[in-house]
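Data first, discussion second: the structure below is written as structure tokens.
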Amino acid sequence: MKKSFLLFIICCLTNIAAAQDYNQLTDDGTFTPARDRQTARNDSLKSQHKEIPKGFRTWTIDSRFGDRTPVLPDTASYLFMNTVYTSGMYGEYNFLGNLGSPRYNRIFMNREPDHQFLFIQPFSYFIKDVEDFHFTNTYSPITNLTYNTCGDRTNGEDHMTARFAVNAGRKLGVGFLFDYLYGRGYYQEQNTSLFDYTMYGSYLGDRYQAHLLASINHQKQAENGGIANDNYITRPESFNDDYKENEIPTVLAQNWNRNDNQHIFFNHRYSIGFHREVPMTEEEIKAKKFALAAEKEEKEAKEKMKNRRNGDMRSFEGRPEDAAIVGDESLVNDKSNANDSIRQQGRIKVDGTEMADSLLRAENVKTDTTWTKREYVPVTSFIHTVQFDNYRRIYQAFQTPENFYLDEYYNIGRLTGDSIYDKTRHYDLKNTFAVALLEGFNKWAKAGVKLFLTHDLRHFTLPDSIGGINSYNEQSLTVGGQISKREGNTLHYDLTGELGVAGDDAGEILLDANADVNIPLFGDTLQIGANAFFHRNSPIFYYRHYHARHAWWDNDDLDNITHSRIAGSLLLKGTDTQLTIAADNINNYTYFGVNYSLGEKDTRLGNTISPRQASSAVNVFSIQLSQPFALGPVHLDLNATYQHSSNKDVLPLPALNLYANLYFRFKIARVLRCDLGADLRYFTKYAATEYVPYIGQFAVNENKELRTEIGNYPYINIYANFHLKQTRFFVMIGHINAGSGNNNYFLTPHYPTNGRIIRFGLSWNFFN
């Protein structure tokens, strides 16, 4: 029965297909030639199955004013394999070895200012500031899936992101980002679990513009306190047993740091201005002509269909008015070949869309002042930005070694024995109001001017010694202004100043200046840049106040921090040569200091931690050079940084950081681009800051005799990185030189990095 039914369906379909070769009866009782019906069907199919336009624009915004800065989307295949590393693209971060664990930058001039809720600062790999987020404007809906993995279900690391973006018209764009990272850890009690869900939107009208960003984040980090003895890695032969990574004893067990945070950011502005007619660019002229041709084709195709429905049986072969459908007047004079010319030569594909060939020879389009557009020119903008951030941090422990902490400040309620449950909360509500006189609205407006006022409300909670809650409220009112020039090709600059006029930040001064000039030089362009700042502000709240079971301080007498920098840079665009020199001076440099002693079997006992301020100024001098080389398919990219700290006891830094990448670039079957190579990360030996699980921060060991030096060890990866249309993927053997004799592979004292592992990664864009 089923076979008979299937055969009947096949026969019906065959007959229907065969009937297309004969004249058929229309709804009005007339016959239409098969040739005309096929032409109409083809027109209908083409209108229904147009190719999906591909592409999107991305930009970042200034968190105070909402000014947009175009950026390249994250679609480049170069160094795609390095985007998975917590240690950064060039290996410049120290971290605990596991994917997604806390980190800090070894290169001082690239460090970010202290965050008010400092417990999330070590997770900068995962939590992005507003100014780092990429807003989108898409030609069609786009979905990106990115995934990388290594190891197995016991020790592996997985990181998955999914991003979707769509536009509702030209002005309104929305999207979401889902980001999940899970590092099981190759060593005991080391797993990380990080989660982020972000929704965003933007509206870009002539007068009104707005950006919205809302996110929910969670970070959970198991704390093992490092391995019990570094010799398990550096001198494995000193032990009778051969320990695998997951068998090496660690200091702590069943200890966790948890951070939960939610963020809402909204910036909007209304602009007053005028309209003016301006010439179109070449690209805009092309796009306009394409659109006009498509509109004309669609209109005349509908007219032909209408004529056929009305019983117009006249063949359009040889009719000059029908030949003009494609806009080529040369076809009008050739009546006999007009129809064939239309079908065979009259259409081309431009950017994935079929257009009329004769009208749209884009290569020959020149800028024509008769092609103009109506442009809205904003003169004055009224800006409002509101940002709300909510944070909670919990440190929880069920097991703690005996005498591990020196001090105990409270032990109440259910917190008995070695159980720990430290909790603090913080929220921050910030409103900024600004007025901007925009640059470029006439020939005399050579710079933009902005004035702003900011109100900041900060709330903190900490436990007290009897089981209650201490609440702290801080408010500040600051005013400031900015002068900037961003248009033009030669000179750009901006100068921003902010002064605390009332509240807890009264008297604070923040001055920032940036400038660059582009100079033609022997057919190339030399860009000379300079930036400087002067910041005088009080230490953040958690340097001044913190209450926990084994750490407690209230330091209202900490002095203001004064940090100034002068830096210059040279960029030769043709060769991508970039040189940067910076000099920093810091008074009352504020940091954490840790103390402990060694017990039996070198166990760390009597731990204490507290904030410190340097008694004298600290100076840092830095030089950074970046230079790529290429000889045919062979490429060598070098990035080197030299830095010197005047006080290594409070601010230890490695003298040299080096990244080198040697690879061959070629194509397989002319479509699959491949980078096959190896890269190296290296820094000189120095007494690095140590990680303190109890507060989730990096601190200087104040006992010089117990300081641990790391560095003077190369990390080498080999990889094959591929790019095919909308797809990027790689295969990489990380840390291939592990076990080669020198086993000092620590990026943080007492926290060894992973050994040799194979990692896979994939990123795929879908346009629909």
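Miscellaneous remarks
- If you filter segment 422-438 down to residues that are under 14 Å from Ala551 (Cα atoms) and surrounded by 17 or more Cβ atoms within 10 Å (Cβ to Cβ), you find that the one that is modelled with the lowest pLDDT is Asp422.
- Lys430 vs. criteria within 31 Å of the chain's Cα centre (by Cα), farther than 30 Å from Gly225 by Cβ and in contact (Cβ under 8 Å) with a residue 60 or more places away in the chain: no
- With a requirement of 2 or more residues that are among the polar types (S, T, N, Q), under 26 Å from Tyr180 (Cβ atoms) and in contact (Cβ under 8 Å) with a residue 60 or more places away in the chain, the strands (runs of 3 or more DSSP E) lying completely within segment 50-123 that satisfy it span 56-61.
- Glu600 falls short on exactly one of the conditions (1) touching a strand residue (DSSP E or B) at 6+ places or on another chain (Cβ under 7 Å); (2) under 30 Å from Gly225 (Cβ atoms); (3) not small (Gly, Ala, Ser), and that condition is (1).
- Conditions (1) under 22 Å from Phe65 (Cα atoms); (2) open to solvent by 50 Å² or more (accessible area, probe 1.4 Å); (3) touching an Asp or Glu at 6+ places or on another chain (Cβ under 9 Å): number failed by Val501: (3)
- Of the residues making up segment 677-687, those that are buried (at least 17 other Cβ atoms within 10 Å of the Cβ) and more than 28 Å from the chain's Cα centre (by Cα) are Tyr686, Ala687.
- The requirement of being among the hydrophobic types (A, V, I, L, M, F, W, C), open to solvent by less than 50 Å² (accessible area, probe 1.4 Å) and modelled with pLDDT under 95 is not satisfied by Phe117.
- Test: residue in segment 454-462 that is charged (D, E, K, R), surrounded by 14 or more Cβ atoms within 10 Å (Cβ to Cβ) and in contact (Cβ under 8 Å) with a residue 24 or more places away in the chain: yes
- When Asn98, Asn82 are checked against the criterion of being closer than 24 Å to Leu638 by Cβ and either touching a strand residue (DSSP E or B) at 6+ places or on another chain (Cβ under 9 Å) or open to solvent by less than 20 Å² (accessible area, probe 1.4 Å) (or both), a single residue qualifies: Asn82.
- Restricting segment 692-733 to residues that are charged (D, E, K, R), surrounded by fewer than 20 Cβ atoms within 10 Å (Cβ to Cβ) and not in a loop (DSSP other than H, G, I, E, B) leaves a set whose member that is farthest from the chain's Cα centre (by Cα) is Glu705.
- Residue that is nearest to Asn754 (Cα to Cα), among those in segment 219-247 that are open to solvent by less than 50 Å² (accessible area, probe 1.4 Å) and in a strand (DSSP E or B): Ile227
- Scoring Val618 on the criteria (1) of a type outside the set (Ser, Thr, Tyr); (2) open to solvent by less than 20 Å² (accessible area, probe 1.4 Å); (3) under 30 Å from Leu79 (Cβ atoms) leaves a single failure, condition (3).
- Taking residues in segment 254-280 that are acidic (Asp, Glu), and partners anywhere that are open to solvent by less than 70 Å² (accessible area, probe 1.4 Å), the pairs with Cβ atoms closer than 7 Å and at least 6 places apart or on different chains are Asp260/His218; Glu277/Thr372.
- Residue match in segment 493-514 (condition: within 30 Å of Asn411 (Cα to Cα) and of a type in the set (Gly, Ala, Ser)): no
Conditions (1) in a helix (DSSP H, G or I); (2) over 28 Å from Asn411 (Cβ atoms); (3) open to solvent by 50 Å² or more (accessible area, probe 1.4 Å), marked per residue:
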site	(1), (2), (3)
Ile528	no, yes, yes
Phe533	no, yes, no
Tyr546	no, no, no
Trp553	no, no, no
Asp557	no, yes, yes
Leu570	no, yes, yes
Thr575	no, yes, yes
Ile586	no, yes, no
Gly606	no, no, no
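- Failed item, numbered, when Tyr187 is tested on (1) over 16 Å from Phe126 (Cβ atoms); (2) out of contact with any helix residue (DSSP H, G or I) (no Cβ under 6 Å at 6 or more places or on another chain): (2)
- Unique residue being farther than 30 Å from Leu213 by Cα, open to solvent by 80 Å² or more (accessible area, probe 1.4 Å) and at pLDDT 60 or above when the list is Glu329, Glu363, Glu408: Glu408
- Within segment 653-671, being at pLDDT below 95 and of a type in the set (A, V, I, L, M) holds for Ile668, Ala669, Val671.
- Residue within segment 413-421 that is in a strand (DSSP E or B), open to solvent by less than 20 Å² (accessible area, probe 1.4 Å) and at pLDDT below 95 present: yes
- Annotation note: Cβ proximity below 8 Å between a residue of segment 525-542 that is touching a residue at least 12 places away in the same chain (Cβ under 8 Å) and a residue that is open to solvent by 40 Å² or more (accessible area, probe 1.4 Å) and of a type in the set (Lys, Arg) (sequence gap 6+ or interchain) occurs for Thr525/Lys573; Leu526/Lys573; Gln527/Lys573.
- In segment 623-646, residue farthest from Val594 (Cα to Cα) [restricted to those that are touching a residue at least 40 places away in the same chain (Cβ under 8 Å) and open to solvent by 20 Å² or more (accessible area, probe 1.4 Å)]: His635
- Filter result for Ala294 (out of contact with any helix residue (DSSP H, G or I) (no Cβ under 9 Å at 6 or more places or on another chain), open to solvent by less than 50 Å² (accessible area, probe 1.4 Å) and modelled with pLDDT under 90): yes
- Residues of segment 126-163 that are buried (at least 20 other Cβ atoms within 10 Å of the Cβ), within 24 Å of Asn98 (Cα to Cα) and of a type in the set (Val, Ile, Thr): Ile127, Thr146.
- Conditions (1) surrounded by 13 or more Cβ atoms within 10 Å (Cβ to Cβ); (2) in a strand (DSSP E or B); (3) over 28 Å from the mean Cα position of the chain (by Cα): number failed by Phe441: (2)
- With respect to (1) in contact (Cβ under 8 Å) with a residue 60 or more places away in the chain; (2) assigned to a strand (DSSP E or B), the lone exception for Cys674 is condition (1).
The values are calculated or read from the model by the stated rules, or taken from the named source; none is laboratory data. It should be emphasised that the depicted structure is a prediction, and the values quoted were computed from it without experimental measurement. Here the Cβ is made from the backbone with ideal geometry for all residues, glycine too, and neighbour counts use every protein chain on show. Heavy atoms of the whole protein, side chains included, go into the accessibility calculation; ligands, DNA and RNA do not. Shrake-Rupley method; radii C 1.70, N 1.55, O 1.52, S 1.80 Å.
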